[in-house]
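Colleague: Could you have a look at this structure, given as structure tokens, before my questions?
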Amino acid sequence: MDVKYNAAAEIGLDRRLWRTMRSASNLKEKVAEVFELLRDPVYQYLGVLLANREEAEDLTQEVFLRLYHCLYKGQAVNNVRAWVFWVAHNLALNQRRNDSKIKPVDTGTWDRLCEQQLDPAPDAEQTILERERHERFQAGLASLSAKERGCFELRAEGLGYREIAKVFGMRTPTLVSFLGRVIEKMIREIYG
């Protein structure tokens, strides 16, 4: 997994969200601007959790409808990004409960991703190694509990420890230790 964490981009996003919530003149504008800023990360997160594009699209829209309704009722949302991912996470859990199982990423999607990252003309050995790495990664994900997988994926989406802790109702130091153990578990699974 080659996810690059960019703290400066995260801080910039948080500032833009804060400014949006303070400056937009009406509720529709606020939610529309938050939607533009967070739509793609929320969709990607839900896509990974659900492994279903259509469900991810539907739930992404539902997240922002719930934000609108929450703000319309006059409820305060102090950390918009954490709140949005918390709602997305809970909607995904409900959806998975309804589906009763987590679906792995299909091989076609994985092959397309590998093709984009490998040399233009991969040899057979590179292709086999990539598939083996993918299988170990999928096995690692499958070995995680729903809570472990959710924390791992939210961190990969760029959420900070405090935000993830809020989503899961944990204290930040507890989450840091918990996530460290999850990452160690994934490393053991992938690299033996």
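The values are calculated or read from the model by the stated rules, or taken from the named source; none is laboratory data. Since we're looking at a predicted model, the values are computed, not measured. Cβ atoms come from the backbone with ideal geometry, glycine included; neighbour counts cover every protein chain shown.
Colleague: Name the residue, out of Leu113, Leu65, Leu91, that is within 20 Å of Glu153 (Cα to Cα), assigned to a helix (DSSP H, G or I) and either at pLDDT 80 or above or of a type in the set (Val, Ile, Thr) (or both).
Modeller: From the options Leu113, Leu65, Leu91, the qualifying one is Leu91.
Colleague: Same structure again: Have a look at Pro120, Pro104, Pro173 and point out the one that is modelled with pLDDT under 85, over 17 Å from Ala51 (Cβ atoms) and either crowded, with 16+ Cβ neighbours inside 10 Å or of a type outside the set (Asp, Glu) (or both).
Modeller: The match here is Pro120.
Colleague: Select from region 171-180 the residues that are within 21 Å of Phe137 (Cβ to Cβ) and in contact (Cβ under 8 Å) with a residue 24 or more places away in the chain and write down the one among them that is farthest from the chain's Cα centre (by Cα).
Modeller: Per the criteria, the residue is Phe178.
Colleague: Would you mind listing the helices (runs of 4 or more DSSP H) fully within region 128-192 where at least 1 residues are farther than 27 Å from Arg39 by Cβ?
Modeller: Fully inside region 128-192 and qualifying: 172-191.
Colleague: Turning to a different aspect of this structure: All but one of (1) at pLDDT 80 or above; (2) surrounded by fewer than 19 Cβ atoms within 10 Å (Cβ to Cβ) hold for Val84; state the number of the condition that does not hold.
Modeller: Just one mismatch for Val84, condition (2).
Colleague: Taking only pairs six or more apart or across chains, which ones have beta-carbon atoms under 6 Å, a first residue in region 155-170 that is touching a residue at least 24 places away in the same chain (Cβ under 8 Å), and a second residue that is part of a helix (DSSP H, G or I) and polar (S, T, N, Q)?
Modeller: Arg162/Thr172
Colleague: What residue, among those in region 25-67 that are free of Cβ contacts under 8 Å to residues at least 24 places away in the same chain and among the hydrophobic types (A, V, I, L, M, F, W, C), is surrounded by the most Cβ atoms within 10 Å (Cβ to Cβ)?
Modeller: Per the stated criteria, the residue is Ala56.
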